[in-house]
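> My questions all concern the structure below.
Derivation of every value follows stated rules applied to the coordinates shown; laboratory data play no part. In this text, all values refer to a predicted model and were calculated from it rather than measured experimentally. Counting neighbours? That spans all protein chains shown, and the Cβs are built from the backbone with ideal geometry, glycine included.
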Amino acid sequence: MLHRLLPHPLLTVTLALTWLLLVNSLTPGQALIGLILGWAIPVFTRRFWPERVRIARPWWLVFFLIKVLWDILVANVAVAVLIVGGQRFARPAFVAVPLELRTELAIGILANTISLTPGTVSAWLSPDRKLLMVHGLRVNDPDALVQEIKTRYERPLVDIFEPPC
Amino acid sequence: MLSIALIIAFTLVCAALILSLWRLLVGPDHPDRILALDTLYVNTIALLVLLGILLGSALYFEAALLIAMMGFVGTVALCKYLLRGDIIE
Amino acid sequence: MLEIAISVLIIIGAAFTFIGSLGLARLGDFYTRLHGPTKATTLGVGALLIASVIHFSTTGQGVSLHEVLVTIFLFITAPVSAHLLAKTALHLRVGSLAPTPPRAEAAAAAKAQRDD
């Protein structure tokens, strides 16, 4: 019953917060409209959201986001140096990262994280969701890059979304 | 202080716009042109934000938000078109 | 003091925006060009928007946070469009400085596209 009335609690909260940011005020009336929208939109678009998002360890997600933000800052300085330095320093390569993650959302977050951090862009995901092609701007050691992505970003995501029972 | 910073920032962002425009004209492939368009709209958002700070008007953010959304949808549509030769599945 | 912080953020943001476009203009092949706009430009615009949040929160009426929405939106969409562009380029076999993934995988990708 609760599942039918409130199919995606996380989406509801997100939509309400988005509405408050959009109207740029925090009056009770706007909060109410936000909550109504947050309730109505998931209910009426239920077919577009087949799987229910489960976050096993929400606090770890916060730490993960802080770590990623820091990495984005560092990565940007590195990429800026590469761009200003020019072609000589670039050593582009494609590497294939085998995935342990199975949840669609987690794979999406991993791909986005990879695109935003150290000189790498996720380029192609195999149809069976087992292999992620990553293009690196300056790859000296492909295996080390794969290992870094797996330990630094994939492991925390496995812990957050798919903890071993 | 702020006005000098704004002038420098405007110069840099306009230079960025010109560089993106150059890539849009030169190409050489379709993905390059789409990427240049993508960069152009992000640069436009930067320009609008700077204008908002300069003129002290919050109205520009509505425009920036709309450009961000339309630009993303446009990029996705163009990529889909190149990938499948069709946009609506 | 706040004005200095805003000015520094604006200059950093504009510089990163410029560097992103510089990368787009001068790097050698499509896949390396992709790195400039996705990372540098996104962070640059993010810094500009933070400067704008501080500016309007201190000079206007009360806290103004809706620029955060544009920042979040950009940070979510930039990697998605980069991924799609890279996928498109692999699909069209755009020339690359790095050896592209083996043809078998590209063929599998093309087949998956048709089967979808």
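> Using the crude model of +1 on Lys and Arg Cβ and -1 on Asp and Glu Cβ, and no other charge, please compute the dipole size for the protein assembly as shown relative to its Cα centre, in debye to 20.
Numbers: 28 positive and 23 negative charges, 98 e Å.
Charge dipole, the protein assembly as shown, about its Cα centre: 460 debye, nearest 20.
> Can you list the HN-Hα couplings for region A:121-135, worked out from phi with the Karplus curve (6.51, -1.76, 1.60; θ = phi - 60°), rounded to whole Hz and with x for Gly and Pro?
Listing the rounded values in order: 10, 6, 10, 7, 10, 5, x, 8, 6, 10, 9, 10, 7, 10, 9 Hz.
> Can I ask one more? About the Cα centre of chain A, what is the dipole size in debye to 20, counting +1 per Lys and Arg Cβ and -1 per Asp and Glu Cβ, all else neutral? The partial results should precede the final answer.
Numbers: 16 positive and 11 negative charges, 51 e Å.
Taking the Cα centre of chain A as origin, the dipole is about 240 debye.
> Shifting gears a bit: Please find the FRET efficiency linking C:Ile76 to A:Asp128, where r is the Cβ-Cβ separation and R0 is fixed at 30 Å, and quote it to the nearest 0.05.
Details: r = 25 Å, r/R0 = 0.84.
With a Förster radius of 30 Å, E is 0.75.
> Just to check I understand the Karplus step: with θ = phi - 60° and J = 6.51 cos²θ - 1.76 cosθ + 1.60, what whole-Hz values come out for region A:21-34, glycine and proline as x?
5, 5, 7, 6, 8, 10, 7, x, x, 5, 4, 5, 4, x
> Can you figure out the FRET efficiency of B:Thr11 with A:Asp141, using R₀ = 35 Å and their beta-carbon distance, to the nearest 0.05?
Details: r = 40 Å, r/R0 = 1.14.
Plugging the Cβ-Cβ distance into 1/(1 + (r/R0)^6) gives 0.30.
> Can you give the helix-only mean residue ellipticity at 222 nm for chain A, where every DSSP H stretch with n ≥ 4 adds -39500 (n - 2.57) and the sum goes over all residues, rounded to the nearest 500 deg cm²/dmol? Provide the component values of the computation, followed by the final result.
Details: 7 runs with 92 residues, N = 165.
Helix-only estimate at 222 nm: -17500 deg cm²/dmol.
> Once amide H atoms are placed 1.01 Å from N in the peptide plane, what residues at a sequence separation of 5 or more from A:Arg138, or on another chain, have their amide H within under 5 Å of its amide H?
For A:Arg138, whose amide H was placed from the backbone, the distant partners under 5 Å are A:Arg91.
> On to the next question. How big is the dipole moment of region B:2-84 about its Cα centre under a simple scheme where the beta carbon of each Lys and Arg is +1, that of each Asp and Glu is -1, and everything else is neutral? Debye, nearest 20, please.
Taking the Cα centre of region B:2-84 as origin, the dipole is about 160 debye.
> Quick one: which residues, 5 or more positions from A:Trp124 or on another chain, have an amide H under 5 Å from its amide H? H modelled 1.01 Å from N in the peptide plane, none for Pro or chain starts.
Those lying under 5 Å, H to H, from A:Trp124 are A:Met133.
> On full extension of the chain, what length is gained from A:Gln30 through A:Phe63, given 0.36 nm per residue of separation minus the C-alpha to C-alpha distance? Walk me through the intermediate numbers first.
Working: separation 33, 0.36 × 33 = 11.88 nm, distance 3.03 nm.
Answer, rounded to one decimal: 8.8 nm.
> Count, for each residue of A:14-25, the Cβ atoms from other chains sitting within 10 Å of its Cβ, then give me the mean as a whole number.
On the way: counts 0, 0, 0, 1, 4, 0, 3, 7, 4, 1, 11, 5.
The mean count of partner-chain Cβ atoms within 10 Å per residue comes to 3.
> Starting from the 7 Å offset along Cα-to-Cβ, what nm value, one decimal, do you get for the label separation of B:Leu25 and A:Trp70?
Output for this residue pair reads 4.5 nm.
> Pairs of Cα atoms under 8 Å, at least six residues apart: use those to get the relative contact order of region A:58-161, whole percent.
On the way: 123 pairs, mean separation 36.0, N = 104.
Contact order relative to length: 35 percent.
> Continuing with the same structure: In terms of modelled amide H atoms, which long-range or inter-chain residues lie less than 5 Å from the amide H of C:Ser64?
C:Ser57
> By the scheme Lys and Arg +1, Asp and Glu -1, what is the net charge of all other residues having a beta-carbon under 15 Å from that of A:Asp159? If you can, show how the numbers build up before the last one.
Numbers: positive: A:Arg54, A:Arg57, A:Lys67, A:Arg102, A:Lys150, A:Arg152, A:Arg155; negative: A:Glu100, A:Glu154, A:Glu162.
Result for the local shell: +4.
> While we're here: Take B:Ala77 and A:Lys150, extend 7 Å from each Cα along the Cα→Cβ direction, and tell me the distance between the two endpoints in nm.
Each label point is offset 7 Å from its Cα along the Cβ direction, giving 4.2 nm.
> May I pose another question? Taking the Cβ of B:Leu19 as the centre, find all other residues whose Cβ is under 12 Å away and add up their charges (Lys, Arg: +1; Asp, Glu: -1). Please report the intermediate quantities before stating the final value.
Details: positive: B:Arg23, C:Arg26, C:Arg33; negative: none.
Residues near B:Leu19 contribute +3 overall.
> Compare the peptides A:107-114, B:32-39, A:141-148, C:29-36 by average per-residue count of other Cβ atoms within 10 angstrom and give them in order, highest first. Numbers along the way, then the final one.
On the way: A:107-114: 21.9, B:32-39: 23.6, A:141-148: 13.5, C:29-36: 25.6.
Descending packing order for the listed peptides: C:29-36, B:32-39, A:107-114, A:141-148.
> Moving to a separate point now. Quick check on packing: order C:13-19, A:92-98, B:55-61, C:82-88 by the mean number of other C-beta atoms within 10 Å, highest mean leading. Let's see the in-between values first.
Details: C:13-19: 26.6, A:92-98: 18.9, B:55-61: 14.4, C:82-88: 24.6.
Ranking the peptides C:13-19, A:92-98, B:55-61, C:82-88 by packing returns C:13-19, C:82-88, A:92-98, B:55-61.
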